[in-house]
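Notes to accompany the following structure.
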Amino acid sequence: MSLIDLHCHSTRSDGLLAPAEVVRHAAARGVKVLALTDHDETGGLAEARAAAQECGVTLVNGVEISVTRNNQTLHVLGLGIDPEHAGLAQGLAGIRASRRARAERMAVALEKAGIRGSLEGAYAHASNPDMVGRTHFARFLVASGVVKDVRSVFKKYLVSGKPGYVSHQWAGLADAIGWIIAAGGMAVLAHPGRYKMNAKQMRLLLREFKGLGGTGIEVVSGSHTVEHVAIFARYARELDLRASGGSDYHGPGESYMDLGGFAALPPGCTPLWHDWDVMRAVL
Ligand code: AMP
Ligand code: MN
Ligand code: MN
Ligand code: MN
């Protein structure tokens, strides 16, 4: 178990639990410091903060920004951000606005594959109409009996090369990191093990990320294997990036890892939080 979990989702994006429920679940699991990092959205933080105060959890304001770089989607976490910062808020609003048009294109693509009504279906599963994404389409397809579970829907329909996948232009990497820094946060590259890249391409990305002001990478993540953890601990040391850890929890039954369900960072890594005041008080 980890007392710190810096990556999870609520119903404000594609999680299954409301922000307050996520925080209460974290507290019940013994997590002391939690970052709520909804996709392209900070609207759950106020509710999460109120719940955190009630149950003695330290909440870190977070967000997970969708980025396109070289035609590839990357996710960048902003941790310790001020959600009211105008530049960040405007940037995120722009991404969310583009999600509707993307959803419409996805529905057209799925219709061609014989699946009708998916736009309305996806929105029916999105409690925040501003933040619709592939997970909501996946839940609709499961609920309507087309596919047995969310993971299978992704495999069959929603990843690159499959009938319901459409390419999309998210934020630029420099813009996303710039918004995070301007809003007082630290930029962390989320789940680097998920990106299809060779070692040379990964080094290029990490150097660019750092050069743009990025602080760290997720070494421990719900979507990382044991091998990934070792590999990215090595990159973090080699490139002098700090190491972060988060479950990427989306809710009961849909996640590989529960909140705080991971071991400590490997030795030799500098934790992202090594100079955070809140950590001295808590740990
Ligand atoms: P979107 O931002 O709309 O493209 O949705 C991305 C989200 O889909 C991720 O944050 C995950 O929650 C989910 N996702 C992506 N790939 C998979 C997968 N292979 N299996 C299950 N969920 C996935
Ligand atoms: Mn997600
Ligand atoms: Mn992600
Ligand atoms: Mn995530």
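The values are calculated or read from the model by the stated rules, or taken from the named source; none is laboratory data. Nothing here was measured: the structure is a model prediction, and the numbers come from that model. Every residue, glycine as well, gets a Cβ built from its backbone with ideal geometry; the counts of neighbours run over all protein chains shown. These area figures cover heavy atoms from the full protein model, side chains too; ligands, DNA and RNA do not enter into them. Shrake-Rupley method; radii C 1.70, N 1.55, O 1.52, S 1.80 Å.
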Open item on the list: What's the number of the only condition in (1) in a loop (DSSP other than H, G, I, E, B); (2) without any contact (Cβ under 8 Å) to a residue 24 or more places away in the chain that P252 fails to meet?
Closed with: (2)
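Of these, E47, E84, which one is of a type outside the set (K, R), away from ligand 3 (no atom under 16 Å from the Cβ), more than 15 Å from the chain's Cα centre (by Cα) and in a helix (DSSP H, G or I)? Before the answer, list the steps.
Details: E84 fails: in a helix (DSSP H, G or I).
Result of the check over E47, E84: E47.
Quick check on my filter: what residues within segment 59-84 are over 19 Å from M131 (Cα atoms) and crowded, with 18+ Cβ neighbours inside 10 Å? So that I can check it myself, show each step before the final result.
Applying the first criterion (over 19 Å from M131 (Cα atoms)) to segment 59-84 yields 59-60, 69-72, 79-82.
Scanning segment 59-84 gives L59, V60, R69, L79, G80, I81.
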Task: Residue list for segment 7-24, filter: among the hydrophobic types (A, V, I, L, M, F, W, C) and more than 15 Å from T135 (Cβ to Cβ) - done: A18, A20, V22, V23
Open item on the list: Going residue by residue through segment 108-119, is there one that turns out to be in contact (Cβ under 8 Å) with a residue 24 or more places away in the chain and among the basic types (K, R)?
Closed with: yes
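Results for (1) surrounded by 15 or more Cβ atoms within 10 Å (Cβ to Cβ); (2) more than 13 Å from C8 (Cα to Cα); (3) more than 15 Å from ligand 1 (Cβ to nearest atom); (4) modelled with pLDDT of 95 or more, shown as yes or no for each residue.
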position	(1), (2), (3), (4)
A243	yes, yes, yes, yes
D248	yes, no, no, yes
E254	yes, no, no, no
G261	yes, no, yes, yes
P267	no, yes, yes, no
D275	no, yes, yes, no
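If you scan segment 129-171, which residues turn out to be of a type in the set (G, A, S) and touching a helix residue (DSSP H, G or I) at 6+ places or on another chain (Cβ under 7 Å)? It would help to see each step written out before you state the result.
Kept after step one, since they are of a type in the set (G, A, S), are these residues of segment 129-171: 133, 138, 143-145, 152, 160-161, 164, 167, 171.
Hits for segment 129-171 are G133, A138, S144, G164, A171.
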Open item on the list: Filter segment 226-257 down to the residues that are away from ligand 3 (no atom under 16 Å from the Cβ) and closer than 29 Å to P19 by Cα and list them by number.
Closed with: V229, R242, A243, P252, G253
TODO: From the list A171, A143, A176, A236, pick out the single residue that is open to solvent by less than 60 Å² (accessible area, probe 1.4 Å), more than 21 Å from L59 (Cα to Cα) and over 18 Å from the mean Cα position of the chain (by Cα).
DONE: A236
Open item on the list: Looking at segment 221-231 only, could you name the residues that are closer than 19 Å to Y256 by Cα, touching a residue at least 12 places away in the same chain (Cβ under 8 Å) and part of a helix (DSSP H, G or I)?
Closed with: H228, V229, A230
Open item on the list: List the residue pairs whose Cβ atoms are under 7 Å apart, where the first residue sits in segment 188-212 and is of a type in the set (S, T, Y), the second is open to solvent by 10 Å² or more (accessible area, probe 1.4 Å) and at pLDDT 95 or above, and the two are 6 or more positions apart or on different chains.
Closed with: Y195/Q72
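Rundown of residues vs (1) under 23 Å from V150 (Cβ atoms); (2) surrounded by 22 or more Cβ atoms within 10 Å (Cβ to Cβ); (3) not β-branched (V, I, T), yes/no style:
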site: D5; (1), (2), (3): yes, yes, yes
site: H9; (1), (2), (3): yes, yes, yes
site: A27; (1), (2), (3): no, no, yes
site: G30; (1), (2), (3): no, no, yes
site: A52; (1), (2), (3): no, yes, yes
site: C55; (1), (2), (3): no, no, yes
site: A86; (1), (2), (3): no, no, yes
site: L92; (1), (2), (3): no, yes, yes
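Among the residues of segment 224-233, write down those that are closer than 23 Å to R207 by Cβ, in contact with a helix residue (DSSP H, G or I) (Cβ under 9 Å, 6 or more places away or on another chain) and surrounded by fewer than 18 Cβ atoms within 10 Å (Cβ to Cβ).
First pass over segment 224-233, keeping only residues closer than 23 Å to R207 by Cβ: 224, 227-233.
From the residues that got through so far, the ones that are in contact with a helix residue (DSSP H, G or I) (Cβ under 9 Å, 6 or more places away or on another chain) too are 224, 227-229, 231-232.
Answer for segment 224-233, where residues must be closer than 23 Å to R207 by Cβ, in contact with a helix residue (DSSP H, G or I) (Cβ under 9 Å, 6 or more places away or on another chain) and surrounded by fewer than 18 Cβ atoms within 10 Å (Cβ to Cβ): E227, I231.
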TODO: Would you check if there is a residue in segment 17-34 being farther than 21 Å from Q169 by Cα, part of a loop (DSSP other than H, G, I, E, B) and within 16 Å of ligand 1 (Cβ to nearest atom)?
DONE: yes
